[in-house]
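S.K.: Dumping the structure here so I can ask a few things about it.
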Amino acid sequence: QVQFAETGGGLVQPGGSLRLSCAASGTILRFFTVGWYRQAPGKARESVAVITSGGITNYADSVKGRFTISRESAENQVYLQLNSLKPEDTAVYYCNLSPPGHAYWGQGTQVAVSS
């Protein structure tokens, strides 16, 4: 059974940084394209960043240049470095395969950007 667990969220001021971690069980992440997603209050969940098994990355225009997705195959984890955070980045952040497996959504980790 595939499960994802996201950690690392928190409350930061605008311009601050966070590093989110995604640990997977029941699958080996390095064989798959993995994505980070987010859902803000009252909005649909959206893709933020993806990384392929070959290490190719792609980002939503809204986070390009500020967020960085990476993976550590030995630890079966994927990370999302969030820099220059803005209030509009406030959301619950999730990781999943890309395209996402609907049964694999975890609890997510809350990121709140506020002064």
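The values are calculated or read from the model by the stated rules, or taken from the named source; none is laboratory data. All values derive from a computational prediction rather than experimental measurement. Cβ placement follows ideal geometry from the backbone for every residue including glycine, while neighbour counts extend to all protein chains displayed. Each accessible area value is taken on the protein alone, full model and side chains, heavy atoms only, with ligands, DNA and RNA left out. Shrake-Rupley method; radii C 1.70, N 1.55, O 1.52, S 1.80 Å.
S.K.: Need the failing condition index for Asp61 against (1) part of a strand (DSSP E or B); (2) open to solvent by 40 Å² or more (accessible area, probe 1.4 Å), just the number.
M.R.: (1)
S.K.: Which of (1) in contact with a strand residue (DSSP E or B) (Cβ under 9 Å, 6 or more places away or on another chain); (2) within 19 Å of Ala5 (Cα to Cα); (3) among the small types (Gly, Ala, Ser); (4) surrounded by fewer than 20 Cβ atoms within 10 Å (Cβ to Cβ) does Ser114 not meet, given it meets every other one?
M.R.: (2)
S.K.: Could you please find all residues in the stretch 84-104 being part of a loop (DSSP other than H, G, I, E, B) and within 13 Å of Leu11 (Cα to Cα)? Spell out the reasoning first.
M.R.: Filtering the stretch 84-104 down to residues part of a loop (DSSP other than H, G, I, E, B) leaves 84-86, 90, 98-101.
Passing the criteria: Leu85, Lys86, Thr90.
S.K.: Sticking with this one: What do you reckon, is Ser98 modelled with pLDDT under 95, surrounded by 13 or more Cβ atoms within 10 Å (Cβ to Cβ) and more than 12 Å from the chain's Cα centre (by Cα)? Step through it out loud before you land on a result.
M.R.: Working: modelled with pLDDT under 95: yes; surrounded by 13 or more Cβ atoms within 10 Å (Cβ to Cβ): yes; more than 12 Å from the chain's Cα centre (by Cα): no.
Judged against the criteria, Ser98 is not a match.
S.K.: Quickly run through the stretch 53-66 and pick out the residues that are modelled with pLDDT of 95 or more and either in contact with a His (Cβ under 8 Å, 6 or more places away or on another chain) or not aliphatic (A, V, I, L, M) (or both).
M.R.: Keep residues of the stretch 53-66 that are modelled with pLDDT of 95 or more, which gives 56-66.
Residues satisfying the conditions are Thr57, Asn58, Tyr59, Asp61, Ser62, Lys64, Gly65, Arg66.
S.K.: If a residue must be within 18 Å of Thr27 (Cβ to Cβ) and either touching a residue at least 60 places away in the same chain (Cβ under 8 Å) or of a type in the set (Phe, Trp, Tyr) (or both), how many such residues does the stretch 48-98 contain?
M.R.: 6
S.K.: Can you name every residue in the stretch 1-55 that is part of a helix (DSSP H, G or I), open to solvent by 80 Å² or more (accessible area, probe 1.4 Å) and in contact with a strand residue (DSSP E or B) (Cβ under 9 Å, 6 or more places away or on another chain)? Let's see the steps before the verdict.
M.R.: Step one: list which residues in the stretch 1-55 are part of a helix (DSSP H, G or I), which gives 29-31.
The next check asks that each one be open to solvent by 80 Å² or more (accessible area, probe 1.4 Å); those that pass are 30-31.
The one that is part of a helix (DSSP H, G or I), open to solvent by 80 Å² or more (accessible area, probe 1.4 Å) and in contact with a strand residue (DSSP E or B) (Cβ under 9 Å, 6 or more places away or on another chain): Arg30.
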